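See below for the structure under consideration.
FYI, it's all coordinate maths here, none of it is from the lab. Since we're looking at a predicted model, the values are computed, not measured. Here the Cβ positions follow ideal geometry from the backbone for every residue, glycine too, while neighbour counts run over all protein chains shown.
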Amino acid sequence: MTRFPLTWPSPRWLLVALMTFAAAACGSSTPSPSTAEKSPTGERDTAIVHEPCEKDSASAQKVDVNGDRVPDIVHVKKDGREVCRVVDLNLDGAIDAFIYYDAQGVERRRESDFDRDGRADEIAHYERGAVVLKERETNFDDKIDTWDYYEGQRLARRERDSDGDRIIDQWWQFNNPTDARCAIVSADQNADGKPDPGSVVDLCAESYGAPKAATPPPGSAAPPAGAAPGAGQPAATGAGPNTAAPAATTAGAAPAATAAPAGSGPASAPADKKGP
């Protein structure tokens, strides 16, 4: 069976939780980096703390979905309402998620075990039913190393501790609402706790495989190779629709004949008004 819970809440954690819930009751927006618990030296609290869910209590309602006599869903109630739920999503007998509900019955927290090792890999926090923060463990050391912040159900930014010293050293900004893969990433390479300007990387830049956008030149398309100078360029203002570019001349050659003035012999072009 699963090894949930990982650790029991400490008095310090309970104080932080009460402060967090009080702030949420007053209404708040997406948590900012400054609201994450940090020490005076800037270290984050990376402990994975399981919130109790009394799945074996007398009030718990157990549901066996596949008839193997092992509960797949456990509804834990208090004072007539569901306070948390234990779920085995893939019916393998191990707990995949603990889901917690507020006084209105809306999801406020979810602890998920994705790799079936009995340990939480992600703790998602919700406000008014919408996810606002995910604390993630990504390198199998049982410590939180990634904090994902959401705005309107969309991942907006990410903070990471890539070296396990409990201090943020990577910042991700997801600025393209149409492509969740696009992010601008900066890192702290000199251990001063701040993003280094020279470390900024755009994951949707051309150097990272993004297709280059076609940018046609102003006006008409470029002339084909070998075309006379001026070919393909827009006609001069006031010129007729069939006006052609003047022929190029070579050194010593006579200039091209021009139209004869009005009233000249039969070979002259008819005098006509300019323009279309």
task = Note down the nm distance, to one decimal, between modelled labels 7 Å out along Cα→Cβ at Glu54 and at Asp142.
result = 2.7
request  = Treat each spin label as a single point 7 Å out from the Cα along the C-beta direction, and report the Val106 to Asp92 distance in nm.
outcome  = 3.4
message = Quick check: from the Cα gyration tensor, does region 39-114 come out rounded (a/c under 1.5), prolate or oblate?
response = oblate
remark   = Here, Asp165 and Val65, labelled 7 Å along Cα→Cβ, have an inter-label distance in nm of 4.4
query = When you count, for each residue, the other Cβ atoms within 10 Å and take the mean per peptide, how do 123-130, 195-202 rank with the highest first?
reply = 123-130, 195-202
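Starting from the Cα-Cα distance between Asp196 and Ile73, subtract it from 0.36 nm times their residue separation and give me the gain in nm to one decimal.
On the way: separation 123, 0.36 × 123 = 44.28 nm, distance 4.78 nm.
Contour length minus Cα-Cα distance gives 39.5 nm.
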task = Starting with the highest mean, order 142-149, 174-181, 153-160 by the number of other Cβ atoms within 10 Å, averaged over the residues of each peptide.
result = 142-149, 153-160, 174-181
